[in-house]
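The values are calculated or read from the model by the stated rules, or taken from the named source; none is laboratory data. Please read these numbers as outputs of a predicted model, since none were measured by experiment. Ligands, DNA and RNA are stripped out before the accessible areas are found, and what is left, the full protein with its side chains, is counted by its heavy atoms. Shrake-Rupley method; radii C 1.70, N 1.55, O 1.52, S 1.80 Å.
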Amino acid sequence: DCLIDSFYARSTGDGFTRADTVVVANNEAATAVETYGAQGNTFNRVHTVNTRGYGVALATDGTNASSSNRFRSVTVENANDPSIHVSGLSSDNRFDHVFVRAGSFAFSLGEGTSAANNNVFGDSYVEGCVYGIVKATDASSGNHWKQIVATNCFNTDPVTNADALLYFSDSGTTGNTVGRFRHRTYNNPAPSGIFNQENGATATATEPRA
């Protein structure tokens, strides 16, 4: 295992890293694990705890997107920003297994920077996110979640006023799918909505059940 403050992968060639285990704890300044234009990399296990920024972020370096990367297992606990963020036209990334505990959003795609397309999220388990579970904006399209099983999440985002746990916004945000969704609330206020698409977002398919 490797215990570090932060991990950054930059565009130094396709497939340059095969990280077995990356553990990031108590990063008070920035994102824990971030790629900039990095492509074709594999992370077997990532575990981040108490980060000021994102838990895991995939972004552009200004020229290249972060695409075709694989994360076999990701655990993010108590990230100040969304736990997993994908933007900058980053596409075709795969997250096999995701566990998120506490934080704002579990997944943020786009978020005012540019789309994230055709990314795949496998079995995703989410606990205690207060802004929502999924926020996809800026024409992010074709993304798929195999299943999301969540407990005690709410939707109180003061910026976007996301009015549902699964929130899709902006023209061109289309073709995103959630294969299976379950959410349970125990001894907490219930969310005001489960699913919403607005501001031109269309054709998002989900099978939500509260």
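Ligands, DNA and RNA left out, the 1.4 Å accessible surface of the range 79-197 is 49% carbon and sulfur atoms. Taking all Cα-Cα distances within the range 121-210, those exceeding 20 Å account for 29%.
Per-residue surface analysis assigns HIS47 an accessible area of about 50 Å², computed on protein heavy atoms at 1.4 Å probe radius.
With N the number of residues in the range 57-195, Rg(Cα) / (2.2 N^0.38 Å) evaluates to 0.96. Using the Karplus relation 6.51 cos²θ - 1.76 cosθ + 1.60 with θ = phi - 60°, the per-residue 3J(HN,Hα) values for the range 51-58 come to 10, 6, x, 5, x, 10, 9, 10 Hz, with x marking Gly and Pro. Ordered by 1.4 Å accessible area with all protein chains kept, TYR186, TYR167 run largest first as TYR186, TYR167. At the residue level, ARG72 shows approximately 100 square angstrom of accessible surface with a 1.4 angstrom probe and all protein chains present.
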